[in-house]
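Okay, so here's the structure we're looking at.
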Amino acid sequence: MAYRNGTYIAFNGMGTTDQTKSDMKYYGLLQKWNKSTGHDFSFSDSHKKTYQVSDNSSKETLKRRLIERLSKSKHMLLIISENSSINRGLLNWEIDKAVKTYKIPIIVVYTGYTSILSPNSLSNLLPSKLQELIKSEEANTIHIAFKQKIIDKAISDYDINNLPPYTVTNYTKSVYDNHL
């Protein structure tokens, strides 16, 4: 088995390469934070560990590349916005593979919130596959706000060797207070 030290980042690309029209902009922000020397934020991006796939690649080529990336990942960072529940692209497939094949915990990161204290109230934002895996208690998840220090904490706290303790886990208000 491959050495699993990567962070697999998933989001709804909304069928476009225009970052302003999809959740790709949040992935770009994570990359910017990761490169910045002025922040204590670091992760090993699984998407940088394999060859890039062009926009005109076949779906099967893309899936093979994503499987390679998932196999090298210790957790998935799933970006959730108002677009995430729209079922398109490979997002549901990625979530299914992460949980069922690679047993990867999912760090569910919500944009537009300062804290996530009641994640069940936001379940309507989740992709259908994650809703299904949570309902069947197959996924181990932590639900957090899209805040740099909280994301860094979750990446440090949870991986394939240290799963979130529940199907739906969240940090308390005091954790947010101490990390913002």
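Observations, loosely collected:
- The Rg/Rh ratio of the range 56-180, with both radii computed over alpha carbons and Rh defined as the Kirkwood radius, is 0.96.
- Packing-based ranking, highest mean first, of 161-169, 84-92, 139-147 given that Cβ atoms within 10 Å are counted: 139-147, 84-92, 161-169
- Counting every other Cβ atom within 10 Å of each residue's Cβ, TYR8, TYR158, TYR27 order from fewest to most as TYR27, TYR158, TYR8.
- Cα gyration tensor shape for the range 52-124, rounded if a/c is under 1.5, else prolate or oblate: prolate
Where a number appears in this text, it was derived from the coordinates with a stated rule and is not lab data. These numbers were taken from a predicted model, which means no experiment stands behind them. Ideal geometry is used to build each Cβ from the backbone, glycine not excepted, and the neighbour counts take in all protein chains shown.
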